[in-house]
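In what follows, a single structure is set out as structure tokens and then discussed.
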Amino acid sequence: MRLDAFSICHRYDIITAVDSVSVSLESGEFIGILGPNGSGKTTLLRVLAGVLKPCAGAVLLDGEDIHKMPPKLVARKIAVVAQNGYIPFPFSVRDMVMMGREPHLGRFSRESRRDTDVVSQAMTATGITHLAKRSVLDLSYGERQRVIIARALAQEPGILLLDEPTSHLDPGYRMEIMDIFKSLSRRKNIGVMAVLHDVNLASQYSDRLILLNHGRKVADGLPEEVVTKENMESVYGVDTVIQTHPVVGCPHVMLVPGSRASGQVEG
């Protein structure tokens, strides 16, 4: 499966959130989207998911315009894990994950043996089988995040779009969640695109990184090509020391205290 976006532009009134950005994502590829607050990361992801229609440009899913496809068909191919997913009712964990099967069900059809099997596999992959009968409202934030991921996996997507999936998680949970996504990308050949704030986490797990600033793409390439002292200084306004991770071999960023320019505002 392949997702392509060509010269995407999107505005909120007079504010340009995404300005002529082109990206591509293939099955089995893991791409990290980086950039300061307000750089257009989430807006770009929502356009790629078909939630927002761009002011200009096109998004193609396997060569077909995603904004001309029925939403249910798009949901069979693309799953989204939104930032801070809100769960208003005390659904059981199993029922919550079963909601991911909705794009595959007819209006009056009931869940089949296959639906049950897919849900069980999604819960096993995310390590939440033992929570099946618990209310999602009784879970920790990290456990809820796993449930939301399992629901997305139950859609059986070829493309997985993630908006800050590790926000508000401690370092251990962050690594566990990212390990799940990386494993899914490789084992199930799912294309993963993740908006991330943690540059080091993105560098460690991504095959490719895209760096945005003021709605424009300023870098696109391997982690060692994107995570450079020059890019960190020009985009984030901080002085850094870039070293090579001693185990993984990816770029690792260390901030120089007191180096942020006075009055620097994230774009």
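With respect to the conditions (1) in contact with a Phe, Trp or Tyr (Cβ under 8 Å, 6 or more places away or on another chain); (2) part of a loop (DSSP other than H, G, I, E, B); (3) surrounded by fewer than 21 Cβ atoms within 10 Å (Cβ to Cβ); (4) of a type outside the set (A, V, I, L, M), residue 257 falls short on a single one, namely (1). Look through the range 131-182, keep the residues that are at pLDDT 90 or above and polar (S, T, N, Q), and return whichever of them is surrounded by the fewest Cβ atoms within 10 Å (Cβ to Cβ). Only one residue tops the list, namely 135.
Which one is surrounded by the most Cβ atoms within 10 Å (Cβ to Cβ), of the residues in the range 196-213 that are of a type in the set (Ser, Thr, Tyr) and assigned to a helix (DSSP H, G or I)? Quick ask: steps written out before the conclusion?
At the first step, the residues of the range 196-213 found to be of a type in the set (Ser, Thr, Tyr) are 203, 205-206.
Applying the additional criterion that residues be assigned to a helix (DSSP H, G or I) yields 203, 205.
On the way: 203: 24, 205: 22.
Out of the qualifying residues, it is 203.
Listed by position, the helices (runs of 4 or more DSSP H) inside the range 20-119 whose residues that are touching a residue at least 60 places away in the same chain (Cβ under 8 Å), under 16 Å from the mean Cα position of the chain (by Cα) and surrounded by 15 or more Cβ atoms within 10 Å (Cβ to Cβ) number at least 2 are 41-48, 71-77.
Condition first: within 20 Å of residue 2 (Cα to Cα), of a type outside the set (A, V, I, L, M, F, W, C) and modelled with pLDDT of 95 or more. Now tell me which residues in the range 183-204 satisfy that. Before the answer, list the steps.
Kept after step one, since they are within 20 Å of residue 2 (Cα to Cα), are these residues of the range 183-204: 183-195.
Pick out the ones that are also of a type outside the set (A, V, I, L, M, F, W, C) and you get 183, 185-189, 191.
Listed by number, the list holds a single entry, 191.
The values are calculated or read from the model by the stated rules, or taken from the named source; none is laboratory data. Bear in mind the structure is a predicted one, so any value in this text is a computation, not a measurement. Cβ sites come from the backbone with ideal geometry, for glycine too, and all protein chains shown count toward neighbours.
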